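Trainee: Before we start, here is the structure in question, set down as structure tokens.
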Amino acid sequence: MNTFKFAVINPLLHSELRLKIMVALDSLESADFMYLCQITDSTRGNLSTQITTLKDAGYIEVSKSGLGRFSRTVCSITNKGREALRAYENGLRQLFSQEIPAQPEEPKASAG
């Protein structure tokens, strides 16, 4: 029996938009919601959904200031988020560098 296992990739970070958010926040420390919307080329609704997912996972913090139309939302990466991002990056590197075992040959049918 084959015991080979692929490297583990965090499915939460394997979403393109969530990954873009995390990479941006890792580089910037914090970013305004509208700036994230602009640099990720996302709609506000989709960005909001993905930010909530990352916040619920403890990967980012979200702070709001102001009222009504003049409110401002700022996101920042947490230590847990930074660690998850590094683990994701390492997992991808491992995935691409793994040697996949050859497929066993099927037994030949005997001529009978």
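Trainee: Across the range 55-82, what is the number of residues that are under 13 Å from Leu12 (Cβ atoms) and not hydroxyl-bearing (Ser, Thr, Tyr)?
Mentor: At the first step, the residues of the range 55-82 found to be under 13 Å from Leu12 (Cβ atoms) are 55-60, 80-81.
Cutting the leftovers down to not hydroxyl-bearing (Ser, Thr, Tyr) gives us 55-58, 60, 80-81.
Qualifying residue count, the range 55-82: 7.
Trainee: Then there is this: Which one of Ser42, Ser63 is part of a loop (DSSP other than H, G, I, E, B) and free of Cβ contacts under 8 Å to residues at least 40 places away in the same chain? Quick ask: steps written out before the conclusion?
Mentor: Working: Ser63 fails: part of a loop (DSSP other than H, G, I, E, B).
From the options Ser42, Ser63, the qualifying one is Ser42.
Trainee: Any residue in the range 88-104 that is touching a residue at least 60 places away in the same chain (Cβ under 8 Å) sitting within a Cβ distance under 7 Å of a residue that is exposed (fewer than 10 other Cβ atoms within 10 Å of the Cβ)? List the pairs, counting only those 6 or more apart or interchain.
Mentor: Every condition considered, the pairs that remain are Pro101/Asn2; Pro101/Phe4.
Trainee: So, in the range 19-31, exactly how many residues are among the charged types (D, E, K, R) and open to solvent by less than 40 Å² (accessible area, probe 1.4 Å)?
Mentor: As a first pass, look at the range 19-31 and keep what is among the charged types (D, E, K, R): 20, 26, 29.
Pick out the ones that are also open to solvent by less than 40 Å² (accessible area, probe 1.4 Å) and you get 26.
The number of residues fulfilling the criteria is 1.
Trainee: Residue under question is Arg44, and the condition is that it be open to solvent by less than 100 Å² (accessible area, probe 1.4 Å) and not polar (S, T, N, Q); does it hold? Spell out the reasoning first.
Mentor: On the way: open to solvent by less than 100 Å² (accessible area, probe 1.4 Å): no; not polar (S, T, N, Q): yes.
It is false that Arg44 is open to solvent by less than 100 Å² (accessible area, probe 1.4 Å) and not polar (S, T, N, Q).
Trainee: Checking the conditions here, which among Gly58, Gly81 is modelled with pLDDT of 95 or more, of a type outside the set (A, V, I, L, M) and within 12 Å of the chain's Cα centre (by Cα)? Explain how you work it out, then say what you get.
Mentor: Values: Gly58 fails: within 12 Å of the chain's Cα centre (by Cα).
Every option except Gly81 fails the conditions.
The values are calculated or read from the model by the stated rules, or taken from the named source; none is laboratory data. Predicted model, so just to flag it, every value in this text is computed and none were measured. Positions of Cβ are backbone-derived with ideal geometry, glycine not excepted, and every protein chain shown enters the neighbour counts. Note: areas computed on protein heavy atoms with side chains; ligands, DNA, RNA excluded. Shrake-Rupley method; radii C 1.70, N 1.55, O 1.52, S 1.80 Å.
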